[in-house]
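Inspection log for the structure reproduced underneath, given as structure tokens.
The values are calculated or read from the model by the stated rules, or taken from the named source; none is laboratory data. Owing to the predicted nature of the structure, the values given are computational and were not obtained by experimental measurement. All Cβ positions, glycine included, derive from the backbone under ideal geometry; neighbour counts span all protein chains shown. With ligands, DNA and RNA removed, areas are computed over all heavy atoms of the protein, side chains included. Shrake-Rupley method; radii C 1.70, N 1.55, O 1.52, S 1.80 Å.
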Amino acid sequence: VQLQASGGGLVQAGGSLRLSCAASTRMFSNNGMGWFRQAPGKEREFVAGISWNGRSTYYADSIKGRFTISRDAAKNTVYLQMNSLKPEDTAVYFCAAARRAGTSAELEEYNYWGQGTLVTVSS
């Protein structure tokens with residue numbers, strides 16, 4: 001079972017990117033999903049989470065109003081739309097599947113992780 005994150009790249013401040021996280025199977029269709037990020041020299045931090053059915057979302061304060069998480073059950077894919085990007089958003093972004101159906105900001109609640117995709121925002 002794999003989670004494949006993609007969509008990272010280099011963008012100027014104020015720009016947008018959309019990250020995708022594709023699951024190789026429907027194994028996570030009943031699980032909450034989340035995005036985390038890790039900047040150089042910093043701990044991995046929660047960015048956004050979404051419940052199994054997409055009806056509940058939760059965001060870190062630092063990105064609220066700029067990022068949107070969504071999921072497409074038919075494609076086994078979770079997205080992170082990132083707008084108004086800032087240099088401080090620069091990090092490796094990871095998608096993860098939660099142990100439960102709901103959302104969570106706690107790293108320990110996620111037990112399957114993708115390989116990460118690098119987002120670099122230039123000033």
Residue with peak Gaussian network fluctuation, the chain [Cα springs, cutoff 10 Å], from Ala74, Ala98, Ala39: Ala74
Quick one: pull the percent of accessible area on the chain belonging to carbon and sulfur, 1.4 Å probe, ligands and nucleic acids left out. 47 percent
What's the magnitude of the charge dipole for the chain around its Cα centre, counting Lys and Arg as +1 and Asp and Glu as -1 at the beta-carbon? Answer in Debye, nearest 20. 340 debye
Multiply the residue gap between Gln12 and Ser62 by 0.36 nm, knock off their C-alpha separation, and tell me the result in nm, one decimal place. 16.2 nm
Candidate lysines for bridging to Lys64, where Cα separation is under 25 Å - those fewer than 8 sequence places away on the same chain excluded: Lys42, Lys86
Roughly how many Å is it from the Cα centre of segment 1-22 to that of segment 88-123, as a whole number? 11 Å
In order through segment 20-28: 3J(HN,Hα) via Karplus (6.51 cos²θ - 1.76 cosθ + 1.60), integer Hz, x for Gly, Pro: 10, 9, 9, 8, 6, 9, 8, 4, 9
Starting with the highest mean, order 29-38, 107-116, 75-84 by the number of other Cβ atoms within 10 Å, averaged over the residues of each peptide. 29-38, 75-84, 107-116
